[in-house]
Each structure stands twice: as structure tokens, then as C-alpha cells.
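Enquirer: Structure in C-alpha cells, see below.
The values are calculated or read from the model by the stated rules, or taken from the named source; none is laboratory data. Just so you know, these numbers come straight off a predicted model, no measurement behind them. Reconstructed Cβ throughout: ideal geometry from the backbone, glycine too, with neighbour counts over all protein chains shown.
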Amino acid sequence: MKRRLMARFLTVPLLVLGSGAHAVKLTVFAASSLTDAFTEIGREFDRRTGNRTTFQFAGSQTLRMQLEQGAQADVYASASDAQFTPLVGHLLTARQVFARNTLSVIVPRGSAVKSLADLTRPGLRIVIASPAVPVGAYTRQMLEAVDRAGTYGRDYAARFLKNVVSEEVNVRQVALKVSLGEADAAVVYSSDLTPSLKERVQAVALPGRFNQLAAYPVGVTTSARSGPQAQAFVAFLLSADGQRTLRKWGFRPAR
């Protein structure tokens, strides 16, 4: 009996060591808008797998440039195909859409700006992302849709852009300008209206016919240090639990 008990106790540290021996360190490059959702997903993924996942959040165009310049990452999650698809086949192994998003116009709480028409008032300070940033490209597509409709005058986009005082390199910086009172309005993703941000800003109605649907692709890099574990992270994003967390943070389903 004493020998059996001793054997059982001795196997415990070996089992613990064994579970950690296969853990790997993963580096995930992800669009800024994914910061909250991926931080939560990463914690749960690591808890289940024993891996150590670290994230680098930035504008998708910045992350793409870093990958093209040789930066080491295992997974890349972009906010648009424009910054993702050109890398498939030489820096990325494949493409899978794991989430979708829409645009939202935000203003400080209590603002007199109530509609898209108000955004062209002279002297209004608007902040958007630069054209290379996915949300910046979607913003300009939204403005083109408004112009085509003619609902607010055919020169709406020109009058809107005349009020732009800053173009940022990622969507979180765009949202920050409004929350700090440095801008009167901004265009961000719907997912950027996090609980903490909603304490300081409110959304202006954006008719569905003008809004844009953003697809978020993800893929494993060809230089991934552990392809199977990187694939496991992608699979977790697409799993029911991963999709539930993404929905919690304001993203739309992948399908």
C-alpha cells in the first residue's frame, strides 16, 4: 500500500511537467479593433492548451508591412482582405474569415450632432483613419455610397472631408480622439463601442444602405514556429466559444 501511494504522488509532478513540455509561445499579429476580444480569447486559449500567446495590435497595414519586412509572427488577423490577400501564398498559408464588422459614427455624449447631415456643418472637427487603414477605406466607401444616393447633396463627401482635422493610423486612436474631447465626431467600427467607451461617447444613426460590412480574415504564417498550435488558435477563433466571445465584443458571425 505504501509503495502504491508513493508511486501515485511521484506521478503528479511528472504529469504537470508533461502538460507544460508541449506548450509553445505563439505570436499573433492582430488588427487594433480586435484588442479586447483577442485578449480575452488568448487567455482562454492558453488556459486550455498551456500555450503562451502574445499579441501585437496595430493597424492592419502596419502589421502587413512588418510581416513583409521579416517580422516573426505565427498568426495574422486583419480587418480587411486588402491588407491580407496579397500575402497569401508566400507569407501566409491560407485565408479564413473569422468575424465581420460594420461602421459606427460616434460623438461625445450630449453632442448636438444627431445625424449624418450634421457632420458637414462648418467648423465641426472630424477624425477618421487614413486611407491605408481598413476602417479608413471603409469610411470612404461609406461616403461614396452617401454621394451616390444624393440624400444629403451630391457633394456630401467633399463637405464631410473638409471637416476632417486628423487621419489616424489605427481605429483605436480614432476613437480615443473623441473620448478625450479632441474631436466632435469620428467613424469607427461598431465593435469599438466598448462598455468603457460608451461612458463617454454615443452613436449617431448610420442608415444600413450606407454602412459597410467588413470581413476579418485570419491565417497562419509560413514562418510559424509551431504550425499545429497556430492552426489550433485559428480553429479556436472559429469554434463556438471563440465566436461567442467575438459577439460579446460587438463582432458579427464569420458566416
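Enquirer: Filter the range 209-233 down to the residues that are crowded, with 21+ Cβ neighbours inside 10 Å and either without any contact (Cβ under 8 Å) to a residue 24 or more places away in the chain or part of a helix (DSSP H, G or I) (or both) and list them by number.
Expert: 229, 230, 233
Residue by residue, here is whether (1) of a type outside the set (Asp, Glu); (2) assigned by TED's automatic domain parsing to the domain that holds residue 177; (3) within 16 Å of residue 133 (Cα to Cα) holds:
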{"site": "25", "(1), (2), (3)": "yes, no, no"}
{"site": "69", "(1), (2), (3)": "yes, no, no"}
{"site": "83", "(1), (2), (3)": "yes, no, yes"}
{"site": "89", "(1), (2), (3)": "yes, no, no"}
{"site": "108", "(1), (2), (3)": "yes, yes, no"}
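Enquirer: When only residues in the range 125-134 that are buried (at least 19 other Cβ atoms within 10 Å of the Cβ) and not in a helix (DSSP H, G or I) count, which is farthest from the chain's Cα centre (by Cα)?
Expert: Restricting to residues being buried (at least 19 other Cβ atoms within 10 Å of the Cβ) and not in a helix (DSSP H, G or I), the top hit is 126.
Enquirer: Please work out which residue is nearest to the chain's Cα centre (by Cα), limiting yourself to the range 76-124 and to residues that are of a type in the set (Ser, Thr, Tyr) and either under 21 Å from residue 177 (Cα atoms) or crowded, with 19+ Cβ neighbours inside 10 Å (or both).
Expert: My answer is 78.
Enquirer: Sticking with this structure for a sec: Assigned to a loop (DSSP other than H, G, I, E, B), modelled with pLDDT of 95 or more and touching a strand residue (DSSP E or B) at 6+ places or on another chain (Cβ under 6 Å): which single residue out of 113, 105 fits that description?
Expert: Exactly one residue qualifies, and that residue is 113.
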